[in-house]
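Presented below is the structure to which this report refers.
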Amino acid sequence: MIAIIDYDAGNLKSVEKAFISLGQEILVTRDSSEIIEAEKIVLPGVGSFGDAMNNLDHLGLIDTIKTVVHKGIPFLGICLGLHLLFEKSEEAPDVEGLSLLEGEILKIPAQKGLKIPHMGWNSLDVKQGSKLFHGMEKSPYVYFVHSYYLKAADENIVSASTEYSTHIHASVEKDNLFACQFHPEKSSTVGLKILSNFADL
């Protein structure tokens, strides 16, 4: 059973449908006891860093997430879900993130000819040995929608990166923690393979 955390941050249905298409049993929930009992957990999300952390706090899910991560349960953050795993974001400077990984979320710098938010397909530079990208081509294309990006403190956890106005840490892996800035559920067969690799961990 894969639990998808519902904390009013959108984008749940497309993630749920993608996993169901892979034959996975899915539970969309905000119940801490159900999340803690799940075999794997997904934190999707679109929207504001500050609002999302407030929602998690209001629903009593911050300690739940930290508990399951420390238990070693495979955990996947998607887009905003990646941001929340880190310490802070320029989008909400006074709001502390989950701080499960070290790094910060920065605004994509303006550059002539490039639109922000970054919306579209970009190729990834994938690190050899990545579990999420196992069995895939070297430079897969995935779909992004974001105005802020990750700068991880430890480059060793970065499993894939891309370039859009700046160098973007597009995916990270550390122990049982996995996260993608892009949307695998909107990234066609490449994205389904990433979700399948996570489900098979």
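The values are calculated or read from the model by the stated rules, or taken from the named source; none is laboratory data. What you see is a predicted model, and the numbers here were worked out from it, not measured in a lab. Cβ placement follows ideal geometry from the backbone for every residue including glycine, while neighbour counts extend to all protein chains displayed. Note: areas computed on protein heavy atoms with side chains; ligands, DNA, RNA excluded. Shrake-Rupley method; radii C 1.70, N 1.55, O 1.52, S 1.80 Å.
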Between L201 and A110, how many nm apart are label points set 7 Å from Cα along the C-beta direction? 3.9 nm
C-alpha center-to-center spacing [the range 155-201, the range 54-126] in angstrom: 12 Å
Amide H within-cut-off set for V42, under 5 Å, with H built and near neighbours excluded: A3, I4, I5, L76
Carbon plus sulfur, as percent of the 1.4 Å-probe accessible area of the range 6-88, comes to 46 percent
Counting only protein heavy atoms and rolling a 1.4 Å probe, one gets per residue an accessible area for the chain in Å² of 46 Å²
Residue separation between K138 and K13 times 0.36 nm, minus their alpha-carbon distance, gives in nm 42.1 nm
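Output the pairs from K66/K107; K138/K186; K13/K193; K40/K138; K115/K174 with a Cα-Cα distance over 22 Å in this structure; if there are none, say none. Show your work: numbers first, answer last.
Numbers: K66/K107 26 Å; K138/K186 19 Å; K13/K193 18 Å; K40/K138 26 Å; K115/K174 31 Å.
With Cα atoms farther than 22 Å apart: K66/K107; K40/K138; K115/K174.
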Test of the criteria: in the range 61-129, which trypsin sites (Lys or Arg not before Pro) are in a DSSP loop and have at most 13 other Cβ atoms within 10 angstrom of their Cβ? K112, K115
Considering the zone a paramagnetic label at A153 would reach in this model (a point 7 Å from Cα along the Cα-to-Cβ line), which residues of the range 79-116 have amide N under 14 Å from it? 85-89, 97-105
Using a Gaussian network model on the chain with a 10 Å cutoff between Cα atoms, which of H169, H183, H58 fluctuates the most? H58
